[in-house]
1. Computed FRET efficiency, Cβ-Cβ of Tyr40 and Ile83, R0 22 Å: what is it to the nearest 0.05?
2. Under a Cβ-Cβ cut-off of 12 Å, what is the net charge of the residues other than Tyr78 that fall near it, where Lys and Arg count +1 and Asp and Glu count -1?
Amino acid sequence: MDSGEGGHSRCKSHEEGSRSRGQEFGKLDIVVANAGIQAYGPLANTSDEDWNNVIDINVKGTANTVRAALPHMLSRKYGRIVIISSGRAGMASRMALPILPRSGA
């Protein structure tokens, strides 16, 4: 379900999308939450707006997608949920490893 530009974190859009897909196809068997953005640069220099966008899309958008699909799946006692995160997370972790011993973390 696509909630449109900037609407990934709005639960109402997710509920409407889930309801319309259920009506269109008769049931909802699977939901895939596949969205992720990254704010580039040091956290100390990240603006509130950029940070809020990351949280809205990566966390709230995923949670709201799942929350919108759950009633359909629970009522049928069946459903599959797939959550896909950004591949950049793994890259960032590998890049950070050599730095951690020197930083005292």
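Throughout, read-outs are computed from the coordinates displayed, never taken from laboratory work. The shown structure was predicted, so the numbers you read here are calculated from the model rather than taken from an experiment. Quick reminder, even Gly has a Cβ in these numbers, built from the backbone with ideal geometry, and neighbours come from all protein chains shown.
1. 0.45
2. +3
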